[in-house]
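The values are calculated or read from the model by the stated rules, or taken from the named source; none is laboratory data. Note that the coordinates shown come from a computational prediction; the quantities given were computed from them, not determined experimentally. Because the Cβ atoms are built from the backbone with ideal geometry, glycine has one as well, and the counts that use them run over all protein chains shown.
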Amino acid sequence: MEPPKSYVIDMDGVLVRGRTMVPGANDFLRRLEARGAEYLVLTNNPLYTPADLAHRLARTGLHVEPRRIFTSAMATARFLASQRPRGTAFVIGESGLLDAIHSVDYIITDHDPDYVVLGETNTYSFSQVTQAVRLIIAGARFIATNPDPVGPTESGIVPATGSMAALIERATGVAPFFVGKPNPLMMRNALNYLGVHSEATIMVGDRMDTDIIAGVESGMETILVLTGVTRREDVARYPYQPSRIVPSVADIHP
């Protein structure tokens, strides 16, 4: 019998919606484990550490080990380490990003840093943004964890990393390098972290413009679920198509 394919699974809109588990998501993960399939839960959200996210998922009824969670903050830290090992960075973000950058032996500083790294935070500070602008103008390289312009909360959408990056770009004239989806770099980092090959891996996501394009550009089979952002009637207008469309992860049988 052929070995089971591995799965890279987007989190929001696929496994959970807000603080609620997508019906059948727990059964889907159990099917993967029963088959011995490797899987990784992927998120562009850089706010939280894998342990934080595992705890949040557990509260919805989904039990995912922290080692099976990979964030845009982790991908950003790996990118920095590959470009300039043990460098320095001025960072705007929360614990998920700060911990990831510390984990690759980076020094966080506002004194002549190699990089300005922008992530998501619940409390964007005008003074921090001003400092970031000045450092970039002075020569620091501009990196952002992900291009999402808005993020969902229980009370509605809020501005996210992409929106703040646009503000800083307008002020400096310097465009950021976005590490997270849809950059295939995020997917390659995730595959390397999981230790699997793209041709034997399936990307499961709810967005054509981030999840599916990232999977296609990384050479992966893709499955679009209809429990999140993209509607079935929207799919035909994209020049790339998912390998399969299913109502939800409950309908995926590895």
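General observations
- Scanning region 218-243 for residues that are within 16 Å of the chain's Cα centre (by Cα) and not polar (S, T, N, Q), we see that the one that is surrounded by the most Cβ atoms within 10 Å (Cβ to Cβ) is Gly228.
- Of all residues in region 213-237, those that are over 19 Å from Pro247 (Cα atoms) and acidic (Asp, Glu) have Cβ atoms under 8 Å from Cβ atoms of residues that are part of a helix (DSSP H, G or I) and modelled with pLDDT under 95, 6 or more apart or on another chain, in Glu217/Pro184; Glu217/Met187.
- Taking the criterion of being part of a strand (DSSP E or B) and either touching a residue at least 60 places away in the same chain (Cβ under 8 Å) or of a type in the set (S, T, N, Q) (or both), the only residue of region 107-143 that qualifies is Ile143.
- Test: Ala190 is within 13 Å of Val8 (Cβ to Cβ), among the small types (Gly, Ala, Ser) and not assigned by TED's automatic domain parsing to the domain that holds Gly96: yes
- Number of positions in region 203-225 that are assigned to a strand (DSSP E or B), in contact with a helix residue (DSSP H, G or I) (Cβ under 8 Å, 6 or more places away or on another chain) and of a type in the set (A, V, I, L, M, F, W, C): 4
- Region 23-64, residues that are touching a Gly at 6+ places or on another chain (Cβ under 8 Å) and within 17 Å of Ala250 (Cβ to Cβ): Asn26
- Residue that is surrounded by the most Cβ atoms within 10 Å (Cβ to Cβ) [pool: residues in region 29-55 that are assigned to a loop (DSSP other than H, G, I, E, B) and of a type in the set (A, V, I, L, M)]: Leu47
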